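K.L.:
First the structure, which I've put down as structure tokens, then a few questions once you've had a look.
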Amino acid sequence: NIGMWNCRRGLIGSEKRASHKKVEVLDFLQRHKLHMLCLVEAGLHGKASRQRRANPLTTKDIHNILGIPGYKLLLPSSWQAHGQARLLVYAREELQVKIRDQGVQNSDLPTLTCEISLAREKKTVVNFFYREFTGGVSGLADMPAQVDRLSRQASHWKNLCAGSRDVICLGD
């Protein structure tokens, strides 16, 4: 079971504490018995982010504040490359997850692609994405920048579908 939820920011308060939304996330995971859940509009910013925050987050902060027992927390490549995560993914511990490299040319896209399976079942490719009209990493909102980001995302989907695995894409 795979799900997605637009959490509309506010996962972490200004004092680096989880907001009430963490309880909602836990309830959603349990109620729907999800193996994976993607949260979009996560609004996580580190020191390297273009958007300066009074209390920038570290990877350790995110895991400590938003971690849920029994789930791995996965961050997109934009976190490592640009200090910004517009989405994050919870994956059950028993789920086998291999994050696919999307290339440095796509590190600004709020997207995360994984190969997943349970036990010995066939692997499935899952792509989570968040379509931004204003590029979170670049801050560019003009039409050529939007077309470029959407074209690169669509190209990524085409490459995923060219393989031999089943592909699931969930996004906002």
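The values are calculated or read from the model by the stated rules, or taken from the named source; none is laboratory data. Just so it is clear, the structure is predicted and the values come from calculations on it, not from any experiment. Glycine also receives a Cβ, built like all others from the backbone with ideal geometry; neighbour counts cover every protein chain displayed. The accessibility values were calculated without ligands, DNA or RNA, using every heavy atom of the protein model including side chains. Shrake-Rupley method; radii C 1.70, N 1.55, O 1.52, S 1.80 Å.
K.L.:
Quick one: 3J(HN,Hα) in Hz for segment 152-166, Karplus 6.51/-1.76/1.60 with θ = phi - 60°, rounded, Gly and Pro as x.
P.N.:
Values, residue by residue: 5, 5, 5, 4, 4, 4, 4, 5, 5, 6, 6, x, 9, 9, 5 Hz.
K.L.:
Under 18 Å from a point 7 Å along the Cα-to-Cβ line of Ala141: which residues of segment 18-49 have their amide N that close?
P.N.:
What the label zone holds, given the 18 Å backbone N cut-off, is 41, 43.
K.L.:
Let me ask you something else. For labels at Glu15 and Lys72 in the simple 7 Å Cα→Cβ model, what's the distance in nm?
P.N.:
3.4 nm
K.L.:
Show which aspartates and glutamates lie in cross-link reach of Lys72 when reach means a straight Cα distance below 16 angstrom and same-chain residues fewer than eight apart are skipped.
P.N.:
Asp61, Glu93, Glu94, Glu115
K.L.:
Now, a different point. Please list 3J(HN,Hα) in residue order for segment 88-102, calculated via the Karplus relation 6.51 cos²θ - 1.76 cosθ + 1.60 where θ = phi - 60°; whole Hz, with x for glycine and proline.
P.N.:
8, 10, 9, 10, 4, 4, 6, 6, 7, 10, 10, 6, 8, 6, 9
K.L.:
Are there GluC sites (Glu not before Pro) in segment 41-96 that DSSP puts in a loop and that have at most 16 other Cβ atoms within 10 Å, and which ones?
P.N.:
On the way: sites: Glu41, Glu93, Glu94; in loops: Glu93, Glu94.
For GluC sites (Glu not before Pro) across segment 41-96 that sit outside H, G, I, E and B with at most 16 neighbouring Cβ atoms in 10 Å, the list reads Glu93, Glu94.
K.L.:
Arrange the peptides 151-162, 105-116, 122-133 so that the one whose residues have, on average, the most other Cβ atoms within 10 Å appears first.
P.N.:
Working: 151-162: 13.8, 105-116: 20.6, 122-133: 18.2.
So the peptides 151-162, 105-116, 122-133, ranked by packing, come out 105-116, 122-133, 151-162.
K.L.:
Turning to a different aspect of this structure: Could you do me a favour and compute the accessible area per residue for segment 43-172, 1.4 Å probe, result in Å²? Write out the running numbers ahead of the final one.
P.N.:
On the way: 6710 Å² over 130 residues.
The answer is 52 Å² per residue.
K.L.:
Hey, another quick one. Pulled fully out, how much extra length does the chain show between Arg50 and His63, if you take 0.36 nm times their separation in residues and subtract their Cα-Cα distance? Please report the intermediate quantities before stating the final value.
P.N.:
Values: separation 13, 0.36 × 13 = 4.68 nm, distance 2.16 nm.
Working it through step by step, the gained length comes to 2.5 nm.
K.L.:
Hey, another quick one. Grab the other residues whose beta carbon is less than 12 angstrom from that of Val97, score K and R as +1, D and E as -1, and report the net.
P.N.:
Details: positive: Lys72, Arg92, Lys98, Arg100, Lys123; negative: Glu93, Glu94, Glu115.
Summing Lys and Arg as +1 and Asp and Glu as -1 gives +2.
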